[in-house]
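Visitor: Before I ask anything, let me first share the structure, which is written out below as structure tokens.
The values are calculated or read from the model by the stated rules, or taken from the named source; none is laboratory data. Since we're looking at a predicted model, the values are computed, not measured. Backbone-built Cβ (ideal geometry, glycine too); neighbour counts: all protein chains shown. Surface accessibility is based on the protein's heavy atoms, side chains included, excluding ligands, DNA and RNA. Shrake-Rupley method; radii C 1.70, N 1.55, O 1.52, S 1.80 Å.
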Amino acid sequence: MAASLAFEGVTKRYDSTRALAGIDLAIEPGSFVALVGASGSGKSTLLKTINRLVEPTEGRVLLDGQDVAASDPTAMRRTTGYVFQRIGLFPHMSVAENIAIGPRLVGEKLGEDRIGELLSLVDLDPAMASRLPEELSGGQQQRVGVARALAGNPSLLLMDEPFGALDPVTRDALGTRVRDLHETLDLTTIMVTHDMAEALILADRVLVMDGGRIVADETPQALSRGKGGEVAQELVAVPRHQAEKLKGLEG
Amino acid sequence: MIGVWDALMGLGDVLAQHVILAACAIGLGIAVALPLAVWASRSQAVSRGALGFASLVQTIPALALLALFFPILLSLRAVFGEGLPTLGFLPALLALSLYALLPILRNAVTAQTNLDPGVIEAANGVGMSFWQRLRLVEAPLAAPYVMAGIRTAAVWTIGAATLSTTIGQPSLGDPIFAGLQTQNWSLVLAGCIASAGLAIVADALLGTIEAGFRRRDRRLWLGGAIAVAVGVAAAFVSQVDWSRDDGRETIVIGTKQFSEQLILGRLVGEQLEDAGYDVEYREGLGSAVVAQAVANGSIDIYFDYTGTIWANQMKRTDNPGRDAMYEAIVKWEREVQGTRVLGKLGFENAYAFAMREDRARELGIASIEDLARAAPRLVAGGDPEWFERPEWFAVRDAYGLNFSNERNFSPTFMYNALRSGDADVIAAYTSDGRIAADNLVILEDPREALPSYDTLIILSPERANDERLIAALRPLLGSINVEAMREANFSVDRTDGDKKTPREAARWLAGEVGLE
């Protein structure tokens, strides 16, 4: 059952700077939302208020109607998938141990079958289970990162620049794979990215952030038709321009 | 080299004590450093403070750090009561643990700061609690670095532990210090070889554990850990007193660092063994340390000299004459220290000015008055304490001594300096065997500026009225004349021919003065 999310006046201040300026937002269960914006726009900070890696200065975040500030952060994180750019596989643990870490924290053992199944979900050979992370390519490592995030049967998947460090081919393949998993596993997915093309292709709702505020909240279709305002359209212009150039090359 | 081999074979007991001391100190260092490192990784202020303190400790010379724990523990008796030991194992353990702290702490903190931030974010992201993160992620990843720090600490501690001899804790420093005093180089070499060998073995075993952690090879690190545990356990087992039930009382004899004290210790020790006691020796203690040790009962018996007690402990600068001084010391020891002066052994070991006979004749010097006239052209030598001692100030002021240069030598090298002409006159000891052997003359002291130095047997408060012990010691009183003592001292100090160990010299002395 996919999770619902709501932000109510969420503000985050670091000393004098304001990273989030009163965010109000509701996210429907089962939606795939992309948070897009330049560096420092507040998109990562907003994502991390959900699993409490960042605590808001003001306002509250509701997960399935419950204020996350009232929950035990460790328990809540164990049931929330989290994938991020630096991947963060534990280098001293095998692939299988990395995937099984969440259940292990609550004393559950993940069976070999389930680990194999999770590896298959992210298009990896189940035989890789016994390898160490250092023996894998960057793309393979992030696939394991996604498998680890899914191991606890989450209803919410948070991704912070998940494909930012990957080569374009892997990036495309893994993005498509995650979009499929989002459907089949009935997830609510929030993905932070600075790449508008990725957002337009994968998400069904794109939020553009600038200076700690949400400046556009549109469907990919609406954005590509020119809606969403100046900041959003500057971001959309980049892939559009690239696409036109490519088309020009084809003659 | 046969001497070195024999000396090595006799080091089993001090080796075991050395292993126990070093292992406990490293263990305590780890127990303090690791929690501190975890705390430091969560707080910049703690990190700076802890590392700053550990670095500061590191700048204190190990010998001074060991010595400092004596007054520290003495003052802590106000809190922990009179039973708190101020000498021996406890101060050595504490000083060495402090010393071991820095490398372990620094490596542990460095390992934590160098952890991949992505791994920490992942640990938090998957929902690890503080302890889960520490146990499952930070500890295993920091382990090889922490182990490298422990390795460094172990090598330092094993080396520095040799210095704990000076505060009454038996260690591999015993043969080194004893050998230095008696110029028995086989003994020094044996102590050094054993200490270095121990450090190399410890380094190799801990290195195996480190490699095991690094390669995540459980067999490797477990094997190393078991080898270390077996070695330490063997040392402990060897120190268990299996003969506990023989009903013999144990007497602890403390001695200062020079040959005469070592000989007297063995002389009295053998007498007591004949009388049915077990005897332990704390050899090579500092002058102030040994006096405190007998007062607080860490040792039962020691030997001191009237002039030393008068000046160093009673802080007196006057000279009331030999008998009055003795009476005052007996009273002071009883009333202030609670100790008992059992009596005089029969000889003096006083400070006196000595010159080579030919040089004295050439300069026409027979007394300190003659010396004062020639002093501006002469170089005087003394042991490291001499030119700071009240006796020196007294004799200097009494005769107006003003040398062209004053030089410090270790007692052994002081005599060599006289022989080589690096010093014209030295502050020698009257019971020193080298006075006769080197053909030296003792200058007269017509103004009696130098106090007397009768050798005393002093008992701890617990033994002050032990009639059985006193009966065993009484035959020693007044039994040793200065000529016999000089000869015994020389037989240990000499570097050629018929060199004896303190024990052999003690046996010879016992026969010479009719104690057998």
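Visitor: Computed FRET efficiency, Cβ-Cβ of B:R468 and B:E335, R0 30 Å: what is it to the nearest 0.05?
Guide: 0.75
Visitor: Another question about this same structure. So how far, in whole Å, is the C-alpha centre of region B:471-513 from the one of region A:167-185?
Guide: So the two Cα centres are separated by 93 Å.
Visitor: While we're here: Considering every residue in B:115-124, what mean count of other chain Cβ atoms within 10 Å of its Cβ is obtained?
Guide: 6
Visitor: Rounded, prolate or oblate, given the Cα gyration tensor of region A:105-251, with a/c below 1.5 counting as rounded?
Guide: prolate
Visitor: Here is a further query. Highest GNM mean-square fluctuation, chain A, Cα pairs closer than 10 Å: which of A:H241, A:H194, A:H92?
Guide: A:H241
Visitor: Quick check on packing: order B:14-22, A:137-145 by the mean number of other C-beta atoms within 10 Å, highest mean leading.
Guide: Working: B:14-22: 23.3, A:137-145: 20.9.
So the peptides B:14-22, A:137-145, ranked by packing, come out B:14-22, A:137-145.
Visitor: What does the C-alpha gyration tensor say about the overall shape of region B:430-516? Classify as rounded when a/c is under 1.5, otherwise prolate if a/b is larger than b/c, or oblate.
Guide: Verdict is oblate for region B:430-516.
Visitor: Oh, and also: Can you tell me the FRET efficiency between B:W5 and A:A69 if r is taken as the Cβ-Cβ distance and R0 is 51 Å, rounded to the nearest 0.05?
Guide: For R0 = 51 Å, the calculated efficiency reads 0.10.
Visitor: On to the next question. In whole Å, what is the distance between the alpha-carbon centres of region A:118-160 and region A:30-87?
Guide: Going from one Cα centre to the other spans 21 Å.
Visitor: Could I ask something else about it? Kirkwood hydrodynamic radius, computed over distinct alpha-carbon pairs, for chain A: how many Å, to one decimal? Walk me through the intermediate numbers first.
Guide: On the way: mean 1/r = 0.0530 Å⁻¹.
For chain A, inverting the mean 1/r across all distinct Cα pairs yields 18.9 Å.
Visitor: How large, in percent, is the carbon and sulfur part of the accessible surface of chain A at a probe radius of 1.4 Å?
Guide: 49 percent
Visitor: Still on this structure: What length, rounded to one decimal in nm, is gained on full extension from A:E230 through to A:A243, with 0.36 nm per residue of separation minus their alpha-carbon distance? List each step's numbers first, then the result.
Guide: Values: separation 13, 0.36 × 13 = 4.68 nm, distance 1.99 nm.
So the chain would gain 2.7 nm between A:E230 and A:A243.
Visitor: What shape does chain B have by the C-alpha gyration tensor, where a ≥ b ≥ c are the square roots of the eigenvalues, rounded means a/c under 1.5, and otherwise prolate means a/b greater than b/c and oblate the rest? Display every interim value, and only then the final one.
Guide: Details: a/c = 2.18, a/b = 1.91, b/c = 1.14.
Since a/c reaches 1.5 and a/b is larger than b/c, the shape of chain B is classed as prolate.
Visitor: If you build the Cα gyration tensor of the protein assembly as shown and take the root of 5 times each eigenvalue, what three semi-axes come out, in whole angstrom, biggest first?
Guide: Gyration-tensor ellipsoid for the protein assembly as shown: 81, 27, 23 Å.
Visitor: Find how many whole Å separate the alpha carbon centroid of region B:319-340 from the alpha carbon centroid of region B:36-84.
Guide: Measuring centre to centre over Cα atoms gives 38 Å.
Visitor: For region B:314-334, list residues with backbone N below 12 Å from a point placed 7 Å from the Cα of B:E448 toward its Cβ?
Guide: B:319-325
Visitor: Show me, bin by bin at 5 Å from 0, the whole-percent P(r) of region A:1-89 based on Cα pairs.
Guide: Bin by bin from 0 Å, the calculated values are 3, 12, 23, 27, 21, 11, 2, 0, 0.
Visitor: Relative contact order of chain B, please, whole-number percent, based on alpha carbon pairs below 8 angstrom and at least 6 residues apart.
Guide: 15 percent
Visitor: I would also like to ask the following. When only C-alpha pairs under 8 Å and at least 6 residues apart count, what is the relative contact order of chain A, in percent?
Guide: Working: 474 pairs, mean separation 65.3, N = 251.
It comes to 26 percent, rounded to a whole number.
Visitor: Another question about this same structure. Provide the packing ranking of B:432-445, B:34-47, B:94-107, i.e. peptides ordered by the mean count of other C-beta atoms within 10 Å per residue, highest first.
Guide: B:94-107, B:432-445, B:34-47
Visitor: Which whole number gives the average count of other chain Cβ atoms within 10 Å of the Cβ atoms across peptide A:97-103?
Guide: 2
Visitor: Let me ask you something else. When Cβ neighbours within 10 Å are restricted to other protein chains, what is their mean count per residue of peptide A:67-76?
Guide: Mean shielding count: 2.
Visitor: Order of B:446-455, B:263-272 by packing, highest average Cβ count within 10 Å first? Spell out each step's value before the answer.
Guide: On the way: B:446-455: 19.0, B:263-272: 23.4.
Ranking, from highest mean packing down: B:263-272, B:446-455.
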